[in-house]
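The values are calculated or read from the model by the stated rules, or taken from the named source; none is laboratory data. In this text, all values refer to a predicted model and were calculated from it rather than measured experimentally. Cβ atoms come from the backbone with ideal geometry, glycine included; neighbour counts cover every protein chain shown. Side chains included, ligands, DNA and RNA excluded: accessible areas come from the protein's heavy atoms. Shrake-Rupley method; radii C 1.70, N 1.55, O 1.52, S 1.80 Å.
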Amino acid sequence: MGNTISRRAFLKGGIAAAGALAASSLPLPQTVKGATGEELATLIDIRKCIGCEACVEACQEVNAPKFPEPTKPFPKMYPSRVKVSDWSEDRDVSDRLTPYNWLFIQEAVVTVKGEKKILTFPRRCMHCQNPPCADLCPWGAARKLKNGITRIDADLCLGGSKCNKVCPWHIPQRQTGVGLYLDILPSFAGNGVMYKCDRCYDRIEQGKLPACIEVCPENVQKIGPRHEIVKEAHAIATEINGYIYGETENGGTNTLYVSPVPFEELNRAIEKGPGKPHLRPVKDAMAHADNLAKAMVVAPIAGVAAAVGKFYNTSKKVTGPKEQDK
Amino acid sequence: MKPKKYKVSGEKRIVKWLYILTFVVMAFTGFGQMPIFKRYYISDIPGMGWSADFYFTHYIHYLGAIFLLALLAYVMVDYFLITKRNVRLTASAYVRIALLTGIVLTGVIRVLKNLPEVVFSPGFTQFADISHLGFMMLYLLFAAIFLGLKSGWVQAR
Ligand code: SF4
Ligand code: SF4
Ligand code: SF4
């Protein structure tokens, strides 16, 4: 059943896309962000979080219909080095990111104004403004939406885990035994589907708040147009002499944390590892692509210039002797 | 007259090999965008570790694209201004040109998509990503067929 839906959605998407292309071969003006409004960002005020995990539970509950239901036994994969990622028996794990847990609470014991304190805060996908997971997805399964959400389409994803590798925080998590790869060459290509926070894109479409934001008793998170969120983050940071994470990380993300202690300190204090992202400074992962794209505009001009130059020289050579002949 | 002809064919030969070399690099780094080189031990070959580094292969793919765009623009203008007088394109050349156009256009769309300011619709992104690979596979298939048929790009007028 799952596979049928996958195949249908896949074909529908492809046909619709081909139709859209035929209808307008220049899709830029309608589809470029900005035509429909600013990206939405979230603000996470670390001071307020009490670590109750209500957000974690709400995320699991609301997104349960999107969770993978793998068919077992899994198809045998070759070569044997390809490992199965199976979280379907560990759906209750909530202290890290998994395909069944897109949000978890990280804990840091730090000193605030000379006082030892336990700080807790929600961690999930940062929804980068220029997300390498989406840019580098070879299959078009991971995409950025105009409202600033980065989403992996579970009907399309082949589970190669490239997005996890190129993500500066290694956020997306894999479940084997589900998705489109089962319909193609399950033993030789793909390995399931990657899962992560989709910032409740379906709720946002309906004008609702993401579940984790709505349920939080302490109003830790806020969502709004990015420039407003950045402004507010700065206002809080100035007020508390605090620090911001996400404004410039990886070229800017649509998730901004505000903390009373420096993020280096938080990063030292948190548990890090698979499914437990760091809080280090992150350079813009796609900066090379932005820079080389500029060179791509010049390249054909250089090619044309070289050919025209050659033409000019050869025609001079051709006309030269002719004139001498006269 | 004789030395001029020799000079032209020498340049064409260089262009041809530059094109083949660029194409091989583009195909390799392009396929390297799929997570297969590690799975299938390519990156385990001594000296090939870089092939599993997605950022590195992406960088090389972009550099190759810059070179390819310059080369294609050169060949195109050169054909219309000079070469066209002596040769005409074969049927197999038209097939390759059509597929190459597909590769380049979808490639340009992908480059645009990767800019921070540009967001395409999900369907369009999917179309561009998958058809870029599709055009390339078709190109390789036809290139192999034309190689078997010994059908070049041009023939004398
Ligand atoms: S944090 Fe990682 S998974 Fe999330 S949008 Fe950025 S690159 Fe993608
Ligand atoms: S935004 Fe939605 S999907 Fe993302 S962590 Fe919150 S509840 Fe989960
Ligand atoms: S619901 Fe709010 S207070 Fe509770 S853990 Fe989540 S963010 Fe923190």
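Quick check on chain B: helices-only [θ] at 222 nm, where DSSP H runs of length 4 and up contribute -39,500 (n - 2.57) each and the sum goes over total residues. Nearest 500, please. Don't skip to the answer; put the middle values down first.
On the way: 4 runs with 108 residues, N = 157.
Taken over chain B, the calculation gives -24500 deg cm²/dmol.
In this simple spin-label approximation, residue B:87 and residue A:92 carry label points 7 Å from Cα along the Cα→Cβ vector, and these lie 7.2 nm apart.
I'd like the distance separating the alpha-carbon centroids of the range B:86-132 and the range B:27-53, in whole Å. So the two Cα centres are separated by 23 Å. For the range B:15-30, backbone phi angles converted through the Karplus equation (6.51, -1.76, 1.60; θ = phi - 60°) give residue-by-residue couplings of 4, 4, 6, 4, 5, 4, 4, 4, 5, 5, 4, 5, 5, 5, 5, x Hz, Gly and Pro being listed as x.
Taking 7 Å steps out from each Cα toward its Cβ at residue B:141 and residue A:69 produces label points 3.6 nm apart.
The trypsin sites (Lys or Arg not before Pro) of the range B:89-124 include none that DSSP puts in a loop with a beta carbon having at most 13 other beta carbons within 10 Å.
For the protein assembly as shown, a simple Cβ point-charge model (Lys and Arg +1, Asp and Glu -1, everything else neutral) yields a dipole of about 3080 debye relative to the Cα centre.
Report, to the nearest whole %, how much of the accessible area of chain A belongs to carbon and sulfur atoms, 1.4 Å probe, protein only. Whole-percent figure for carbon plus sulfur exposure: 57. Farthest toward the positive end of the dipole of chain A, out of A:160, A:93, A:185, is the Cα of A:185, where the dipole comes from beta carbon charges about the Cα centre.
Extension gain residue A:205-residue A:183, at 0.36 nm per residue separation less the Cα-Cα distance, in nm?
Length difference between fully extended and current span is 4.9 nm.
For residue A:145, nonlocal amide neighbours, meaning residues 5 or more places apart or on other chains whose placed amide H falls under 5 Å from its own, are A:150, A:151.
Subtracting the Cα-Cα distance from 0.36 nm times the residue separation, let me have the gained length for residue A:314 to residue A:287 in nm, one decimal.
Result: 5.6 nm gained on full extension.
For the range A:138-155, heavy-atom accessible area (probe 1.4 Å) falls by no less than 20 Å² from the chain alone to the full protein assembly at A:138, A:139, A:140, A:143, A:144, A:145, A:146. The protein assembly as shown has equivalent-ellipsoid semi-axes of 49, 26, 20 Å, by the square roots of 5 times the alpha carbon gyration tensor eigenvalues, sorted largest first. In this assembly, the A-B interface accounts for approximately 4800 Å² of buried accessible surface in total, computed with a 1.4 Å probe and without ligands, DNA or RNA. In the context of the full set of protein chains, residues of chain B present 56 Å² of accessible surface per residue (probe radius 1.4 Å, heavy atoms only).
Out of all DSSP beta bridges in the range A:7-317, what portion is antiparallel? Express it as a percent rounded to 5. Kindly include the intermediate steps, with their values, before the conclusion.
Details: 26 of 30 bridges.
In the range A:7-317, DSSP labels about 85 percent of beta bridges as antiparallel.
Mean partner shielding of peptide B:36-45, defined as the number of other chain Cβ atoms within 10 Å of each residue Cβ, is 3. Couplings 3J(HN,Hα) of the range A:292-306, computed from phi: 5, 4, 5, 5, 5, 6, 7, 3, x, 5, 4, x, 4, 4, 5 Hz, in residue order, whole Hz [Karplus 6.51 cos²θ - 1.76 cosθ + 1.60, θ = phi - 60°; x for Gly and Pro]. Computed log10 I(q)/I(0) for chain B at 0.17 Å⁻¹: -1.13, from the Debye equation with unit scatterers placed on every C-alpha and solvent omitted.
Summing +1 for each Lys or Arg and -1 for each Asp or Glu, what net charge is found among the other residues whose Cβ lies under 9 Å from the Cβ of residue A:233?
Values: positive: A:231; negative: A:45, A:232, A:247.
Local net charge: -2.
Quick one: which of A:144/A:276; A:283/B:113; A:165/A:231; A:162/A:208 span more than 25 angstrom between C-alpha atoms? Pairs exceeding 25 Å: A:165/A:231; A:162/A:208. Accessible surface computed residue by residue for chain A, with neighbouring protein chains in place and a 1.4 Å probe, gives 48 Å² per residue. Between residue B:101 and residue B:41, the contour length at 0.36 nm per residue exceeds the alpha carbon distance by 18.4 nm. In the range B:88-157, taking the dipole from charged Cβ atoms about the Cα centre, the farthest positive-side position among B:147, B:124, B:112 is held by B:147. From its DSSP helices (H runs of at least four residues, each -39,500 (n - 2.57)), chain A gives a residue-normalised ellipticity at 222 nm of -11000 deg cm²/dmol. If you take the Cα centroid of the range A:55-76 and the Cα centroid of the range A:154-208, the two points sit 12 Å apart. Of all the options A:185, A:119, A:256, the one that moves most in a Gaussian network model of chain A with Cα springs shorter than 10 angstrom is A:185. For the range B:5-136, the fraction of 1.4 Å probe accessible surface lying on carbon and sulfur atoms is 77 percent. Legend: residues in the range B:100-119 shielded by at least 50 square angstrom of accessible surface upon adding the remaining protein chains to the isolated chain (1.4 Å probe, heavy atoms) are B:114, B:116, B:119.
What FRET efficiency comes out for the pair residue A:118/residue A:280, r = Cβ-Cβ distance, R0 = 30 Å, nearest 0.05?
Details: r = 21 Å, r/R0 = 0.70.
For R0 = 30 Å, the calculated efficiency reads 0.90.
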